[in-house]
1. Considering the stretch 194-228 alone, what residues qualify as being loosely packed, with under 14 Cβ neighbours inside 10 Å and either at pLDDT below 85 or charged (D, E, K, R) (or both)?
2. Anything in the stretch 254-281 that is more than 30 Å from the chain's Cα centre (by Cα) and either under 13 Å from Leu220 (Cβ atoms) or touching a residue at least 12 places away in the same chain (Cβ under 8 Å) (or both)? List them, or say none.
3. Scanning for something surrounded by 15 or more Cβ atoms within 10 Å (Cβ to Cβ), in the same structural domain as Lys216 (by TED's automatic domain parsing), assigned to a helix (DSSP H, G or I) and touching a Phe, Trp or Tyr at 6+ places or on another chain (Cβ under 8 Å), does the stretch 279-294 turn up at least one residue?
4. Just need a number here: residues in the stretch 256-276 that are buried (at least 19 other Cβ atoms within 10 Å of the Cβ) and either hydrophobic (A, V, I, L, M, F, W, C) or farther than 24 Å from Glu161 by Cα (or both).
5. Within the stretch 24-41, track down each residue that is touching a helix residue (DSSP H, G or I) at 6+ places or on another chain (Cβ under 9 Å), farther than 19 Å from Met82 by Cα and surrounded by fewer than 14 Cβ atoms within 10 Å (Cβ to Cβ).
6. From Ser85, Ser46, grab the single residue that is assigned by TED's automatic domain parsing to the domain that holds Arg9, among the hydroxyl-bearing types (Ser, Thr, Tyr) and over 18 Å from Ala12 (Cβ atoms).
7. Taking the stretch 57-88 as the search range and keeping residues that are part of a loop (DSSP other than H, G, I, E, B) and hydrophobic (A, V, I, L, M, F, W, C), which one is surrounded by the fewest Cβ atoms within 10 Å (Cβ to Cβ)?
8. It is to be established whether one or more residues within the stretch 46-55 are at pLDDT 95 or above, of a type in the set (Lys, Arg) and farther than 22 Å from Glu145 by Cα.
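The values are calculated or read from the model by the stated rules, or taken from the named source; none is laboratory data. The structure presented is a predicted model; accordingly, all values stated were derived computationally and were not measured. In this analysis, Cβ positions are derived from the backbone assuming ideal geometry, glycine residues included, and neighbour counts consider all displayed protein chains.
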Amino acid sequence: MKFKPRNLRALADCVIGDANHFPYRTSSRITQFFEECDLDFVHDGSTRWYWTSERLAELLAEPQAAPHVLPDRFMNLLRVLMHKSDAEDDDPGRVKALLLINQPLGREGFEGFYGEDDLLYVRHVGTKTISALENNPHRPFTPEELKRRDQLGAYLNVCSEDDLINEVLLPLFRQLNFRRITSAGHKDKALEYGKDVWMRFVLPTQHVLYFGLQAKKGKLDAAGMTTGSNANIAEIHNQALMMLGHEIFDPETSRRVLVDHALIVAGGEITKAARNWLGGKLDQSKRSQILFMDREDILNLHIVNQLPLPEAAITNPKSPFDDIDDDIPF
C-alpha cells in the first residue's frame, strides 16, 4: 500500500507535532513515540518531517491482513497517535485532531473514527471495511519480537512435555479466550483418555464448543516407529479416537459432553505425511474434527499475543547438544 507524499507529510506533521492539536515532539520524543508504538525506529537527527514520512511509508509497505485495510503496525501507530490521553485543553475529545488526521486519510479513501471503547478505528470509505488491530501471527516481527521468538524456540528444544503444556500452551489458550482449561497432567495417565487438556470456547452466539488437546514435545511424523523425541502419528491416531469418543464432565453446566474438536499440538514439526496419514485413517466426520498446531504456530501466536516468556526461557536454556565436544570422534 502506498500513500501520496503530500498525505504522508500531513500525517508526519501530526506525529511530530507540527500540526495543530498534536503535542510537539523533539528528536528524542519522536524516538520515544515510536517506542510506544512497539517500533524500533530511532530518529537520526535529520529533518523531522522527512524522516518520519519515510518511516510511515515503510510501515504502509508491509503486508495487509486483508484487502482495503491498513497494515497492522501502521494502524497501531495511528491508534497510539490518536489516544485520548494526549488530548489538549482546547480539544478535550480530540474532535479537532480527528478532523485534521482525516484529511490525508480521506484523500487515500479512508476515514478514522472513535469506537465505543474510545480507541481509533479506520474504515475504507468505498467498502466500509474496518481496519481493526488483530493479533495476526503472519505479520512481520520487530527485531525485539524475533529475539523473544528465538528464546522461546530454544526453550521448546529442551523443555519437558509437561512444561510445554503448563508453561506455554495453557497461558496461550487462556489469552485466546478459551475457558475452563483443565489439564489432565501425567501423574494419572489412565484418566487422560487420549487428551492432555480439555477446554471450552464460547462463540459470539453463546454456543459452546469443547476441545480436547493432545500435546507432544517433539516432531510428529509418519515413520514406522517412535524414535527419540519424534512421535509416530499412529500413536496420535489412537489417542485422537479416544479423545473424540470419551465424554467429559463440565461442572459449569453439570452435564457430560463429547469433545467437538481434537487439537493435536507438537513442539516440533508436524510433517505433511503425518497429516495425510491421519486424515486417511479417520472417516470424513472425524477428519473434520481434527485440528493441527505445530512449532511455528506456537511461536507466532505466543509472540503476537505478547505473552511473557517462561522464566526458564529468559535464562537462555541450552540445547542438550551444547556441551558435546566437537573434537570427540563418534
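1. Once the filter is applied, which keeps residues that are loosely packed, with under 14 Cβ neighbours inside 10 Å and either at pLDDT below 85 or charged (D, E, K, R) (or both), the stretch 194-228 yields Pro204, Gly224, Met225, Thr227, Gly228.
2. In the first step, residues of the stretch 254-281 are kept if they are more than 30 Å from the chain's Cα centre (by Cα); the result is 254-256, 280-281.
Within the stretch 254-281, just Lys281 meets the criteria.
3. no
4. Within the stretch 256-276, residues that are buried (at least 19 other Cβ atoms within 10 Å of the Cβ) and either hydrophobic (A, V, I, L, M, F, W, C) or farther than 24 Å from Glu161 by Cα (or both) number 8.
5. Asp40
6. Values: Ser46 fails: over 18 Å from Ala12 (Cβ atoms).
Result of the check over Ser85, Ser46: Ser85.
7. First, pick out the residues of the stretch 57-88 that are part of a loop (DSSP other than H, G, I, E, B): 61-71, 82-83, 87-88.
Now drop any that are not hydrophobic (A, V, I, L, M, F, W, C), which leaves 61, 65-66, 69-70, 82, 87.
Numbers: Ala61: 11, Ala65: 16, Ala66: 9, Val69: 21, Leu70: 25, Met82: 22, Ala87: 17.
Result: Ala66.
8. Among the residues of the stretch 46-55, at least one is at pLDDT 95 or above, of a type in the set (Lys, Arg) and farther than 22 Å from Glu145 by Cα, which makes the answer yes.
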